[in-house]
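Peer 1: The structure is given below, and queries will be raised subsequently.
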Amino acid sequence: MTARLYGLVLAGGRSSRMQRDKATLQYHGRTQLEWAMDLVAPFVDRAFVSVRPDQQSDPARSKFPQIVDTADNLGPIAGIMAAQTAHPDVAWLVLACDLPFLDAATLKHLVWARDPDRPATAYRSSHDGLPEPLCAIYEPASRETIAAYVATGKNCPRKFLIRSEPP
């Protein structure tokens with residue numbers, strides 16, 4: 001049986017390179033976070049925003065259901081792990097909050113192409129052929145392998161996906 005699908009919009013980053021909160025940048029007449037939450041909603045049973053503990057009361061994030069990171073300084077994989085811990089029996093459609101040109105047709109195709117027998121379903125970059133981990137579906141079975149991967153000191157979700165690919 002295919003697991004139910006929940007949505008997770010990653011908005012817990014520090015935006016250190018941009019030096020401005022990417023989640024609150026305005027696109028399409030609203031914040032990127034609002035845009036992403038509206039975009040993911042039709043494809044999932046429930047949608048959450050991923051936040052760091054210190055962001056829970058932030059006005060841009062507090063209006064949405066939240067999944068709070070339980071690990072520090074792990075980047076996006078911390079949000080994925082927290083979501084899988086909070087709801088271990090569902091698959092997660094994970095999106096970065098800063099994908100303003102992502103559209104419903106692309107998400108529809110990703111959901112249609114979902115392979116519940118693999119740890120994750122992700123697009124490959126047309127530029128370098130690498131998987132795109134922040135617009136992907138993570139199945140419940142990936143929970144233990146992600147945790148084991150992080151336990152080895154690694155935290156790159158793209159490298160996790162590469163390691164998860166069949167030979």
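Peer 1: So, of the residues in the range 68-88 that are within 13 Å of the chain's Cα centre (by Cα) and closer than 16 Å to ILE137 by Cβ, which turns out to be surrounded by the fewest Cβ atoms within 10 Å (Cβ to Cβ)?
Peer 2: PRO76
Peer 1: Could you say whether any residue in the range 28-48 is assigned to a strand (DSSP E or B) and surrounded by fewer than 19 Cβ atoms within 10 Å (Cβ to Cβ)?
Peer 2: Checking the range 28-48: at least one residue is assigned to a strand (DSSP E or B) and surrounded by fewer than 19 Cβ atoms within 10 Å (Cβ to Cβ).
Peer 1: Which ones in the range 117-167 are surrounded by 19 or more Cβ atoms within 10 Å (Cβ to Cβ) and among the hydroxyl-bearing types (Ser, Thr, Tyr)?
Peer 2: Correct list: THR121, TYR138, SER142, TYR149.
Peer 1: Just name the residue that is surrounded by the fewest Cβ atoms within 10 Å (Cβ to Cβ) out of those in the range 89-116 that are without any contact (Cβ under 8 Å) to a residue 60 or more places away in the chain and farther than 21 Å from SER164 by Cβ.
Peer 2: Among those that are without any contact (Cβ under 8 Å) to a residue 60 or more places away in the chain and farther than 21 Å from SER164 by Cβ, it is PHE101.
Bear in mind that the values in this text are calculations on the coordinates, not laboratory data. These numbers come from a predicted model, not from an experiment. Note: ideal-geometry Cβ built from the backbone for every residue, glycine included; neighbour counts use all protein chains shown.
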